[in-house]
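Reviewing the structure listed below.
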Amino acid sequence: MKIEEIKTRLEAEGYSVMLLKDASLTVGQDDGYDKELGLKMLKNAFGVELKSDLIVADYAIGQIPIEKEFKTIEEFLKFVRQVFPLEG
């Protein structure tokens with residue numbers, strides 16, 4: 001399993017995805033572009049990385065960091081649709 005495959009599947013679902021230098025992803029819903037900072041803005045953002053053969057999602061509930069592991073892309077996508085549903 002490759003991070004690029006996860007990126008492609010998330011984009012096909014309609015999520016905005018940024019591939020970072022450390023081969024991890026930042027995923028969220030597009031929330032415009034900050035011209036001052038020169039950055040794409042995301043809302044409901046979470047991180048994704050691969051550890052061994054697991055997909056790991058990092059997100060927060062309030063100020064509590066959560067890390068959830070998935071064995072398959074299908075399990076991961078089901079979770080993403082439920083916890084981070086797309087608006088509109």
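The values are calculated or read from the model by the stated rules, or taken from the named source; none is laboratory data. Everything quoted here is computed from the prediction, not taken from an experiment. Please note: Cβ atoms are built from the backbone with ideal geometry, for glycine as well, and neighbour counts cover all protein chains shown.
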query = Before we move on, is ILE61 modelled with pLDDT under 95, surrounded by 15 or more Cβ atoms within 10 Å (Cβ to Cβ) and β-branched (Val, Ile, Thr)?
reply = no
key: Residue in the stretch 9-24 that is out of contact with any Lys or Arg (no Cβ under 7 Å at 6 or more places or on another chain), in a helix (DSSP H, G or I) and surrounded by fewer than 12 Cβ atoms within 10 Å (Cβ to Cβ) present   = yes
inquiry  = Can you confirm whether GLY88 is farther than 17 Å from ILE6 by Cβ, modelled with pLDDT under 90 and not in a strand (DSSP E or B)?
reply    = yes
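Among the candidates LYS35, LYS40, which residue alone is on the phi < 0 side of the Ramachandran plot and surrounded by 11 or more Cβ atoms within 10 Å (Cβ to Cβ)? So that I can check it myself, show each step before the final result.
On the way: LYS35 fails: surrounded by 11 or more Cβ atoms within 10 Å (Cβ to Cβ).
Being on the phi < 0 side of the Ramachandran plot and surrounded by 11 or more Cβ atoms within 10 Å (Cβ to Cβ) holds for just one of LYS35, LYS40, which is LYS40.
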task = Select from the stretch 38-76 the residues that are part of a loop (DSSP other than H, G, I, E, B) and charged (D, E, K, R) and write down the one among them that is nearest to LEU10 (Cα to Cα).
result = LYS71
query = Which one of these is of a type outside the set (A, V, I, L, M, F, W, C) and exposed (fewer than 13 other Cβ atoms within 10 Å of the Cβ): GLU49, GLU74?
reply = GLU74
